[in-house]
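Report on one structure; see the data block that follows.
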There are 2 protein chains.
Amino acid sequence: MSLEEKLAKLKTYLGEVNDLGAAASLLAWDQVTYMPVGGAVARQRQIALLQRLSHEKFIGREVGRLLDDLVPLEQELDPDSLDACLLRVARRDYEHAVKIPPDFLAKLHENAARSYQAWSEARPANDFSKVVEPLELTLELSRRYGEFFPESEHPADPLIDQSDEGMTVALLRPLFRTLRRELVPLVEAICSQESVDNSVLHRYYPENEQLAFGLKIARDFGYDLGRGRQDKSPHPFATNFSIDDVRITTWVDERDVREALFSTLHESGHAMYEQGVSRSLEGTPLASGVSSGVHESQSRLWENLVGRSRGFWEHYYPSLRESFPEQLGGVSVDSFYRAINSVRKSLVRTKADEVTYNLHVILRFELELELLEGKLAIHDLPDAWRDRSYRYLGITPEEDRDGVLQDVHWYSGAIGGAFQGYSLGNILSAQFYEAAINAVPSIPSEIEAGNFTSLYTWLKFNIYRHGRKYPPQDLIKRATSQDLMIEPYLRYLRTKYGKLYSL
Amino acid sequence: MSLEEKLAKLKTYLGEVNDLGAAASLLAWDQVTYMPVGGAVARQRQIALLQRLSHEKFIGREVGRLLDDLVPLEQELDPDSLDACLLRVARRDYEHAVKIPPDFLAKLHENAARSYQAWSEARPANDFSKVVEPLELTLELSRRYGEFFPESEHPADPLIDQSDEGMTVALLRPLFRTLRRELVPLVEAICSQESVDNSVLHRYYPENEQLAFGLKIARDFGYDLGRGRQDKSPHPFATNFSIDDVRITTWVDERDVREALFSTLHESGHAMYEQGVSRSLEGTPLASGVSSGVHESQSRLWENLVGRSRGFWEHYYPSLRESFPEQLGGVSVDSFYRAINSVRKSLVRTKADEVTYNLHVILRFELELELLEGKLAIHDLPDAWRDRSYRYLGITPEEDRDGVLQDVHWYSGAIGGAFQGYSLGNILSAQFYEAAINAVPSIPSEIEAGNFTSLYTWLKFNIYRHGRKYPPQDLIKRATSQDLMIEPYLRYLRTKYGKLYSL
């Protein structure tokens, strides 16, 4: 077989690995959107089977052998060429995957299922003791996971690198420290003022009008419904089965107009990224967003920097008021803008405003590092949570279900690697947005006219179309001519909230 | 490994074969219900991959070896025991599957895709010439398919046996001849009378009310929505991903109140069969309906023998009139009953009434036998269709799209084996219904009270729960103490339509 034939064969293999994963994703999408309750048992089994077959196909001898044989070709190719990038990414994924022994992986999956089950009972019962045992095993397994990568400095590094390639605890710690030091006093300064009345958000907003309004905006942004759709699910998410089938879900609270609207804008950001991947990458491992941080930068950019901006509402508020004439008839665009940007010391991350949000993330990130470093024991975790919550957010959860039991992440199989992406996303959202405006200064005024073409085009050209072609740091540098930096984000928050709260 | 361990291993394998098939079915369900148009290309590829992996796993060495090793166990077991039945069915499926060389199968699938594509262009264009070439290959492949089963009497027999185990051309020919000889004069006698005015069915019936009404009845029948659901798709069907997730689809015509209603009752019959399979068979090859004929007997029984009966409407007509007070306010239950049972010489099988329906089937069955026997060439098929349509139904399609291009079956990869099940289903529906009433004489009066418990219970006990445990003939004999027979069906038609048309 020639090298070209081997490359073609590798692509076929990887395409099948990908398609098996896509099938598992569709089964998971159906599970939370349309599946009747009775379907649960068989569905879990079927998803696990598809994931296992995908993994087995990937780590099987064939892929390894082809990758070995293709080293000479890779060295010959232009490193920016699609094939060179494909080989680099496939090799990286492969080498990571084969480091984890199958037995260990089986144990990890088994414990993940057990601990998720324990959590789904413990949370409504507000009983942390129910999760202690599986969580201790999760911690042990997460530490052992790190040991398969002896070159790592910190046990969390391999888990972080999985979703945010190139990121390490050593890089994240100072970044998050700066962020925290900026945010804690900012929250204090804001919350010492009289709080903004946002009762208008809690009037009765009927579901259908909410869904229609949010989806209309997502389409205006650039989300293509010929290659996507929106459905309802208890926890909003975006998922894709190819670059031409990228779906979002949302959840409606008829007593909170923010819920469906901002989750739709958020998920449409994720979805536009996946839809915007170049068609030439379809079916390859390059056909997806490059990292959790860059992905989240897109959801947050569209949700917050666009969707919570004054200019945006200049254009959209009249049509929102048309959809809800009784609820918003007497409310000015200014009051509405202040209400959707009101800052509150609150307990729940997913409902937090822009200013407090990162403190929720940093709290989790710090605690998980301490757990992995052996400085904190699982049974002390609830207290440590309360303590840190008070220090960062000035508020203490009375019940663990609003504290340590709040997020699913630690109860899904691993401690470490899941939270940093949220704050990286916030930081990057501002860096990308600033770069886009530098390139096309008319973007803010276009947004005031409900026109997102320039912004979308800039993002697609500089980020979306590349998929996983370049590592995240590379992509950031190519797009913004800078390494990842926190200043644009801090500037953004200071300016916006300085004005809102006359600081 | 002990024989018990080998049996357990075989079950695991077969369970995975089954789950891969179920995953493919979910992808196919999504394709026609919710998938955005853009998703089509990747979806076809993904479904084909899952079906291929399922097939490869099944015909792989492992299953064959285990089946060989388990012969001694099978001989020891009570032949009615679940394990013995499972081994029998698995062996039957396996021996059938391995007779088809993989190359041939690939060619079959490839031509199926090509000919389906050609048909989907030819039908709207009303241009039979577009399908001639792929259809000639389909005919050749269908004949060669038969040659892998040299013990067969007729080239159609292996294809028929695939969906209706034990059935052959030699058995079907006299059966269908009797049916045809009975029906042709019956249709003549009815259609020589003034036709029933059924314009009331074509008033405007809004979609939501139609869907709600149909689903309400399906639930009353016994279709469990905790383990099922209804969605819309262009061609109604039932599908299942486990015995606890069995879904139906329907299609709404706001200008024909029969469309959604009777397709819902029809598909709920299929679905109740699948839902009613004993839980002990879940995940095994026994967990599905036993044959195309027995399956269709259930859809037709609930749709026609129950849902088009006078007693049924005695109970349901008032609530239908409540859903559509303007449309049905002045229409008596008797007029409505006559309208939904009006007999017409018509061109389209899927819209045909009970009396003409089987003539549509027999026409197709006879033509496909002649094709396979080499007595009819593809290019003569449209004329042969028109000619036979005139002889049996007294009506000739002016356009091939209402004739030979009407049904997808021949354009989906094979000629033969797909149509006989419809008429077998009609015949069996009456045989089962008569047996149920013999066992529980109160069934008709219960139906008049909207109570289906006795009928459902009889069907579940005698048919549904067994899945594929017994071959169709065996099941029929166990349930009705008789072999398959046509008399109950002829009696049913004569009585019902004799009364309706005062013959």
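Only one residue in B:GLU56, B:GLU62 is surrounded by fewer than 17 Cβ atoms within 10 Å (Cβ to Cβ), part of a helix (DSSP H, G or I) and within 14 Å of chain A (Cβ to nearest Cβ), so which one is that? Talk me through it step by step, then tell me what you get.
Details: B:GLU62 fails: within 14 Å of chain A (Cβ to nearest Cβ).
Only one candidate qualifies: B:GLU56.
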Report task. Could you tell me whether A:GLU399 is touching a residue at least 60 places away in the same chain (Cβ under 8 Å) and surrounded by fewer than 19 Cβ atoms within 10 Å (Cβ to Cβ)? Result -> yes
Requested in this report: Note down all Cβ pairs under 8 Å where the first residue falls in the stretch A:84-111 and is farther than 17 Å from A:LEU159 by Cα, the second is loosely packed, with under 14 Cβ neighbours inside 10 Å, and they're at least six residues apart or on different chains.
Outcome: A:ALA84/A:ASP78; A:CYS85/A:PRO79; A:ARG88/A:PRO79
**Report entry** Residues within the stretch A:12-23 that are more than 24 Å from B:SER242 (Cα to Cα) and at the interface with chain B (Cβ under 7 Å from one of its Cβ atoms), tallied
**Finding:** 1
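Name every residue in the stretch A:33-43 that is free of Cβ contacts under 8 Å to residues at least 60 places away in the same chain and surrounded by 14 or more Cβ atoms within 10 Å (Cβ to Cβ), in order of residue number. Lay out the reasoning, then the answer.
Initially, the stretch A:33-43 is screened for residues free of Cβ contacts under 8 Å to residues at least 60 places away in the same chain, giving A:35-43.
Result: A:MET35, A:PRO36, A:GLY38, A:GLY39, A:ALA40, A:ALA42, A:ARG43.
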Query - Among residues of the stretch B:436-451, those that are surrounded by 20 or more Cβ atoms within 10 Å (Cβ to Cβ) and either within 30 Å of B:VAL89 (Cβ to Cβ) or touching a residue at least 60 places away in the same chain (Cβ under 8 Å) (or both), counted - result: 2
Report task. For residues that are closer than 22 Å to A:LEU500 by Cα and polar (S, T, N, Q), scanning just the stretch A:318-341, find the one that is farthest from the chain's Cα centre (by Cα). Result -> A:SER332
Query raised in the report: Is there any pair linking a residue in the stretch B:290-317 that is closer than 15 Å to B:GLY450 by Cα to one that is assigned to a helix (DSSP H, G or I) and of a type in the set (Gly, Ala, Ser), with Cβ under 7 Å and at least six apart or on different chains, and which?
Result: B:TRP302/B:SER268; B:TRP302/B:GLY269; B:GLU303/B:GLY269; B:LEU305/B:SER429; B:LEU305/B:ALA430
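For every residue, the table says whether it meets (1) within 22 Å of B:TRP410 (Cβ to Cβ); (2) not in a helix (DSSP H, G or I).
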{"position": "B:SER152", "(1), (2)": "yes, yes"}
{"position": "B:MET167", "(1), (2)": "yes, yes"}
{"position": "B:ASP197", "(1), (2)": "no, yes"}
{"position": "B:ASN208", "(1), (2)": "no, no"}
{"position": "B:ARG219", "(1), (2)": "no, no"}
{"position": "B:GLY226", "(1), (2)": "no, no"}
{"position": "B:PRO234", "(1), (2)": "yes, yes"}
Query raised in the report: Tell me, which helices (runs of 4 or more DSSP H) lie completely within the stretch A:369-454 with 1 or more residues that are under 17 Å from the mean Cα position of the chain (by Cα) and assigned by TED's automatic domain parsing to the domain that holds A:SER152?
Result: A:420-439
**Report entry** Odd one out for B:ASP157 among (1) in contact with a strand residue (DSSP E or B) (Cβ under 8 Å, 6 or more places away or on another chain); (2) without any contact (Cβ under 8 Å) to a residue 60 or more places away in the chain
**Finding:** (1)
Requested in this report: Kindly list the number of the only condition in (1) crowded, with 17+ Cβ neighbours inside 10 Å; (2) touching a helix residue (DSSP H, G or I) at 6+ places or on another chain (Cβ under 8 Å); (3) farther than 26 Å from B:ALA97 by Cβ that fails for B:PRO158.
Outcome: (3)
Query raised in the report: So which residues in the stretch A:168-198 are of a type in the set (Asp, Glu) and in contact with a Leu (Cβ under 6 Å, 6 or more places away or on another chain), if there are any at all?
Result: A:GLU182
**Report entry** Filter result for the condition that a residue is within 14 Å of chain B (Cβ to nearest Cβ), of a type in the set (A, V, I, L, M) and touching a residue at least 60 places away in the same chain (Cβ under 8 Å), over A:LEU26, A:LEU49
**Finding:** A:LEU26
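Confirm whether A:GLY214 is away from chain B (no Cβ under 13 Å), within 16 Å of A:TYR464 (Cβ to Cβ), part of a helix (DSSP H, G or I) and touching a helix residue (DSSP H, G or I) at 6+ places or on another chain (Cβ under 9 Å).
So A:GLY214 does not fit the description; no.
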Query raised in the report: Which ones in the stretch A:327-362 are of a type in the set (D, E, K, R) and either outside any helix (DSSP H, G or I) or touching a residue at least 24 places away in the same chain (Cβ under 8 Å) (or both)?
Result: A:ARG338, A:ARG344, A:LYS345, A:ARG349, A:ASP353, A:GLU354
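Kindly evaluate A:GLU370 against the criterion of being surrounded by fewer than 17 Cβ atoms within 10 Å (Cβ to Cβ) and charged (D, E, K, R).
Considered against the rule, which asks whether it is surrounded by fewer than 17 Cβ atoms within 10 Å (Cβ to Cβ) and charged (D, E, K, R), A:GLU370 comes out as yes.
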Report task. Out of the residues in the stretch A:221-238 that are under 15 Å from the mean Cα position of the chain (by Cα) and surrounded by fewer than 20 Cβ atoms within 10 Å (Cβ to Cβ), state the one that is farthest from the other protein chains (Cβ to nearest Cβ). Result -> A:HIS235
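The values are calculated or read from the model by the stated rules, or taken from the named source; none is laboratory data. These numbers were taken from a predicted model, which means no experiment stands behind them. FYI the Cβ positions are ideal-geometry reconstructions off the backbone, even for glycines, and counts take in every protein chain you see.
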